[in-house]
Amino acid sequence: MSHVTKKLRKAARIILIGAPGVGKGTQSERLLSRFPQLASISSGDLLRENVRLRTPLGLEAEATMQSGNLVPDSMILKLISDDMKSKGWLLPPLPSSPSATSSSSSSADTSSSAHTIDPSASFILDGFPRTATQAIALDSLVSVNFVVHIITPPSVILARIASRWVHEPSGRVYNTDFHPPKVPGRDDVTGEPLTQREDDSLDTWKQRLQKFEETSKSLLEHYDRQGCLFHAEGNSSNEISPKLFAEVERRFC
């Protein structure tokens, strides 16, 4: 892909939605490279960082996960709002803000809804929301204005997974179709053998794709109703990126 950079004329608050293996990470990296004003907020990275730093929220999240439960949406929202505050994007409450006095049982709601967002803040939110319920909760914190549904046929994704090999110690990923190792079956850096992940079995992936179809339907409908949903379709990341770039430029540049 070309290394052209573009300047955003107005704030872009982006969410990428797509099936596992569709290339959301690749598109996110390319958007960050092309539009330097964008930043990435990864809910997963924030969670791991807070656990690693033993923050109060991290300790609470870790205890939740160790007991076999999912980290609640309110906690993820709190992580995101805290990160936005640390970046200077969430501004202190306005003096007469009615939401500041609203009674709410969730600490995430009270800490975030009373704040206003910096009008110039532009970002890609990675890993959240995954459901319509989470999207509605996010709406109370920040208004997302561009939601991309990345579409690649399941058969193409499954073929891609079957060709995927990893170097377990480093996490480097290769694909025999479009990103092969220099020496077949060997890591480029260490020369150690590559393996296929146990969870890369086709049955596992078919289940994951089916699950995504079920959970994403109401999420896509939520953003479609808000008028900010865009469908980017293609068999490869290189096919999808130009469509995505053109739409971002049309809306925000």
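With Cα atoms defining each centre, the stretch 136-172 and the stretch 17-95 are spaced 16 Å apart in the structure.
Cα-based values for the stretch 181-253, radius of gyration first and Dmax second, are 18.6, 51 Å.
Keeping all protein chains in place, calculate the accessible area per residue for the chain (probe 1.4 angstrom), answer in Å².
53 Å²
Between the amide H of GLN37 and those of LEU8, distances stay under 5 Å, these residues lying 5 or more places away or on another chain, with hydrogens modeled in the peptide plane. Relative to the longest principal axis of the Cα atoms of the chain, the long axis of helix 237-252 lies at roughly 20 degrees.
For ARG186, the residues whose modelled amide H falls within less than 5 Å of its own, excluding neighbours fewer than 5 places apart on the same chain, are LEU194.
Taking a ≥ b ≥ c as the square roots of the eigenvalues of the Cα gyration tensor, the stretch 1-95 is classed as oblate, since a/c reaches at least 1.5 and a/b does not exceed b/c. Mean residue ellipticity at 222 nm, helices only, the chain: -13500 deg cm²/dmol; runs of at least 4 DSSP H residues each add -39,500 (n - 2.57), and the sum is divided by the number of residues.
Pop out the carbon and sulfur fraction of the accessible area of the chain as a percent, whole number, probe 1.4 Å. It is 53 percent, rounded to a whole number.
Beyond 18 Å, how much of the Cα-Cα pair distribution for the stretch 122-198 remains, as a whole percent? Every Cα pair in the stretch 122-198 considered, those over 18 Å come to 59 percent. Applied to the stretch 181-186, the Karplus parametrisation 6.51 cos²θ - 1.76 cosθ + 1.60 on θ = phi - 60° returns per-residue 3J(HN,Hα) values of x, 4, 10, x, x, 10 Hz, with x for Gly and Pro. For the peptides 33-39, 205-211, residues were scored by their other Cβ atoms within 10 Å and the scores averaged per peptide; the highest-first order is 33-39, 205-211.
Compared with the dominant principal axis of the Cα atoms in the chain, helix 73-86 is inclined by about 80°. Using 22 Å as the Cα-Cα cut-off, could you pick out the over-long pairs in LYS10/LYS87; LYS78/LYS217; LYS10/LYS217; LYS24/LYS217; LYS10/LYS243? From the list (LYS10/LYS87; LYS78/LYS217; LYS10/LYS217; LYS24/LYS217; LYS10/LYS243), the Cα-Cα distance tops 22 Å for LYS78/LYS217; LYS10/LYS217. Between ARG197 and VAL166, the built amide H atoms are under 5 Å apart, and every one of these is 5 or more places off in sequence or on another chain.
Measuring nothing but alpha carbons in the chain and taking Rh as the Kirkwood radius, the Rg to Rh ratio lands at 0.98. Seen through its C-alpha gyration tensor, with square-root eigenvalues sorted a ≥ b ≥ c, the stretch 108-238 comes out prolate because a/c lies at 1.5 or above while a/b is bigger than b/c.
The values are calculated or read from the model by the stated rules, or taken from the named source; none is laboratory data. Bear in mind that the values here come from a model prediction, so they are computed numbers and not experimental data. Glycine gets a Cβ as well: all are built from the backbone with ideal geometry, and neighbour counts include every protein chain shown. Heads up: the accessible areas ignore ligands, DNA and RNA and are worked out on the full protein's heavy atoms, side chains in. Shrake-Rupley method; radii C 1.70, N 1.55, O 1.52, S 1.80 Å.
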